[in-house]
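Report on one structure; see the data block that follows.
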């Protein structure tokens, strides 16, 4: 990919991010993304969508997909996103996402996509069996962002490369069609402390909704007893907690549990060690369980309440789609003119 000149974009600042409706959201999603969305909605206009177009890059049961979209929406709401402040919508409700992605497919270069490491990781040894959608989904991701002319995107380490691709596509479009500053070059918002939550069964593997062991993660829908049991069964070692962070090196499970406690309590890991230094996990785990239940339990309860009223969730998604469309429709109309499409 090529370096682009500074972008003269002068439009409003906006935040955009999306979450796929595949599998249960968990503690890692909460600390790594949802908490950040809640904060950002009060700092600049924020667009948060359920990425159901991205979801079908791998097979999804059509009978379940709509329910999964509602569940992700319920998680957004239960963790503090305010639909009167943030724009919350389903990606598939805005057809301009797919239309702009096609334009960008014709702007992006094959070599750029060949370097996307996530495709290689997900496709594995049998990439010829992967869908074209899985290969091209970073281009759809660029369309998601640039359709709303988003200037800031919360990203983890695994998504930074895709945001770089978005910047390259924006820069090339602006250059090829001689429209400097039409699309912004969006900036990453790194996740910050507590973002990388590891598996409760293996401190060297990121917590994931695809892990076959449900005891590897705390799901947002888990009740208090389940949360406490998962913390109790989390893998640890036999050593007590040290006084200094450096002494946690080489103890991934201990590092992970200390980091989780710190993120949930709003403390630094050093402060957590200052409180628990010298204590073993027999003393630390019950405290962590109580903390996790106090923070996560109400979220699960609120999600269950919301999911009992799907019509209300659908109303919120409908309102959000209308607000999203107010931005997406004129952006796409401008793109059609710039590209030279026949308007009738």
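The values are calculated or read from the model by the stated rules, or taken from the named source; none is laboratory data. These numbers come from a predicted model, not from an experiment. Counting neighbours? That spans all protein chains shown, and the Cβs are built from the backbone with ideal geometry, glycine included.
List of remarks:
- Residues considered: 138, 95, 154. Of these, the only one that is in the same structural domain as residue 57 (by TED's automatic domain parsing) and in contact with a strand residue (DSSP E or B) (Cβ under 8 Å, 6 or more places away or on another chain) is 154.
Matching residues to (1) touching a helix residue (DSSP H, G or I) at 6+ places or on another chain (Cβ under 9 Å); (2) free of Cβ contacts under 8 Å to residues at least 60 places away in the same chain; (3) part of a helix (DSSP H, G or I):
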position	(1), (2), (3)
271	yes, yes, yes
278	no, yes, no
282	no, yes, yes
288	yes, yes, yes
295	yes, yes, yes
299	yes, no, yes
319	no, no, yes
325	yes, no, yes
337	no, yes, yes
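- Test: residue in region 121-136 that is touching a residue at least 24 places away in the same chain (Cβ under 8 Å), closer than 16 Å to residue 91 by Cα and not in a helix (DSSP H, G or I): no
- When 185, 200, 189 are checked against the criterion of being in contact (Cβ under 8 Å) with a residue 40 or more places away in the chain, closer than 22 Å to residue 268 by Cα and part of a loop (DSSP other than H, G, I, E, B), 200 stands alone in meeting it.
- Of all residues in region 80-112, those being assigned to a helix (DSSP H, G or I) and closer than 17 Å to residue 143 by Cα number 15.
- The set of residues in region 298-319 being crowded, with 17+ Cβ neighbours inside 10 Å and more than 15 Å from residue 223 (Cβ to Cβ) consists of 306, 313, 316, 317.
- Of all residues in region 214-246, exactly one satisfies the criterion of being surrounded by fewer than 18 Cβ atoms within 10 Å (Cβ to Cβ), assigned to a loop (DSSP other than H, G, I, E, B) and within 25 Å of the chain's Cα centre (by Cα), namely 223.
Matching residues to (1) modelled with pLDDT of 95 or more; (2) farther than 27 Å from residue 295 by Cβ; (3) outside the structural domain of residue 71 (by TED's automatic domain parsing):
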site	(1), (2), (3)
167	yes, yes, no
179	yes, yes, no
185	yes, yes, no
205	no, no, yes
228	yes, no, yes
235	yes, no, yes
266	no, no, yes
